[in-house]
1. I'm checking my understanding of the structure. Among residues of the stretch 196-220 that are surrounded by fewer than 18 Cβ atoms within 10 Å (Cβ to Cβ) and within 25 Å of K36 (Cβ to Cβ), which one is farthest from the chain's Cα centre (by Cα)?
2. Taking the stretch 167-194 on its own, how many of its residues are aromatic (F, W, Y) and within 20 Å of K70 (Cα to Cα)?
3. Looking at (1) within 24 Å of E19 (Cα to Cα); (2) within 20 Å of the chain's Cα centre (by Cα); (3) assigned to a loop (DSSP other than H, G, I, E, B), find the lone condition where F181 falls short.
4. Kindly state which helices (runs of 4 or more DSSP H) lie completely within the stretch 55-168 and contain at least 3 residues that are at pLDDT 90 or above.
5. I'm checking my understanding of the structure. Among residues of the stretch 161-193 that are surrounded by fewer than 20 Cβ atoms within 10 Å (Cβ to Cβ) and hydroxyl-bearing (S, T, Y), which one is nearest to R102 (Cα to Cα)?
6. Examine the stretch 70-78 for a residue that is free of Cβ contacts under 8 Å to residues at least 60 places away in the same chain and of a type in the set (A, V, I, L, M), and state whether such a residue exists.
7. Scanning the stretch 30-54 for residues that are assigned to a helix (DSSP H, G or I) and not hydrophobic (A, V, I, L, M, F, W, C), which turns out surrounded by the most Cβ atoms within 10 Å (Cβ to Cβ)?
Amino acid sequence: MDKECVKHCLTEDERAAFERDGLLVINDALPASMVKDLGEIVGRLGPGDNIFAKDESFLQLVDWPRTFPKVFGVLGWNIHSYYTQIVVSPPQDGSMRQTNCRRGWHQDSDRINADIEPGTQPRLSVKVGYFLTDVSEGGRGNFSVIPGSHRKREIELPDDGVSDPDGAMEVKVTPGTAVMFDRRLFHAPGHNRSNITRKVLFMGYSHRWIHPRDERTVSHLIERSGPIRRQLLGAKTGAMGTSSPREEDVPLRSWMLEHLGEEAVTDWYARIVGAQSVTFGRNHSDPRPSDS
């Protein structure tokens, strides 16, 4: 993995902002030349998921040094890429049907929100959106959010069926900006009343014990990828390698330990029951802990 990642680790101010708002804006995440190249590919492919299988140019984003350190700064080292998506929002025709209706406010991951009982939800995953077109003004299909709503299970929708909930805001950013957000954050696509086609690439990350949400046809990429990228693409030593990983399952942990130190890889649970028992099992001869 690119050592440039060390320069872009999550700062304490960024962590506080992400915990407070549920999102983090990362300016100048992509250079202009890359924005242009990816935008042309998106224009050719159109919307869809499983984007690694459609063009290998997208693969560089999975561990992009300006954004990926923010991701593992929030989720830790036992993670993978579980969802990828191209979103294309062309100009709308301005009809009442298209632009005078409420947007689809939601939290990500569909059934997770219904299957988990009422109360505080766990984070589980984050997404990074790479904006390839200029949405620095409103009305361009802007990604819209309700900051702080990741700590809620529901939001109150106005009775008129049109207005946005209290606190809603459009995210206005320039091309090459990335936005990382918590899956629990209530968000919605905006109405595109401009003459610009909005193009965004989304890269989703979750803990490795969560099943991917797109059809992963990446075995040919895993074979020729480096260790950390292999982890992110879903490589594992076996079925238990996600929830009870061996060291070879999670090379990201070794990289973080080498470059960022012990504190970066020791989670709260490990501090309570012992890092060895949680991380790689009880001992070297029995590398995976028993559930009994």
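The values are calculated or read from the model by the stated rules, or taken from the named source; none is laboratory data. These numbers were taken from a predicted model, which means no experiment stands behind them. Here Cβ is always computed from backbone atoms with ideal geometry, including for glycine, and neighbour counts include all displayed protein chains.
1. Result: I196.
2. Taking the stretch 167-194 as the starting set, the residues that turn out to be aromatic (F, W, Y) are 181, 186.
From the residues that got through so far, the ones that are within 20 Å of K70 (Cα to Cα) too are 181.
Of the residues in the stretch 167-194, 1 are aromatic (F, W, Y) and within 20 Å of K70 (Cα to Cα).
3. (3)
4. Values: elements: 68-75, 96-99, 111-115.
The qualifying helices (runs of 4 or more DSSP H) are 68-75.
5. S163
6. Restricting attention to the stretch 70-78, the residues satisfying the condition of being free of Cβ contacts under 8 Å to residues at least 60 places away in the same chain are none.
Scanning the stretch 70-78 turns up no residue that is free of Cβ contacts under 8 Å to residues at least 60 places away in the same chain and of a type in the set (A, V, I, L, M).
7. Within the stretch 30-54, the subset assigned to a helix (DSSP H, G or I) is 32-45, 51-53.
With not hydrophobic (A, V, I, L, M, F, W, C) added as a condition, the list becomes 33, 36-37, 39-40, 43-44.
Details: S33: 9, K36: 13, D37: 14, G39: 16, E40: 13, G43: 12, R44: 9.
Restricting to residues being assigned to a helix (DSSP H, G or I) and not hydrophobic (A, V, I, L, M, F, W, C), the top hit is G39.
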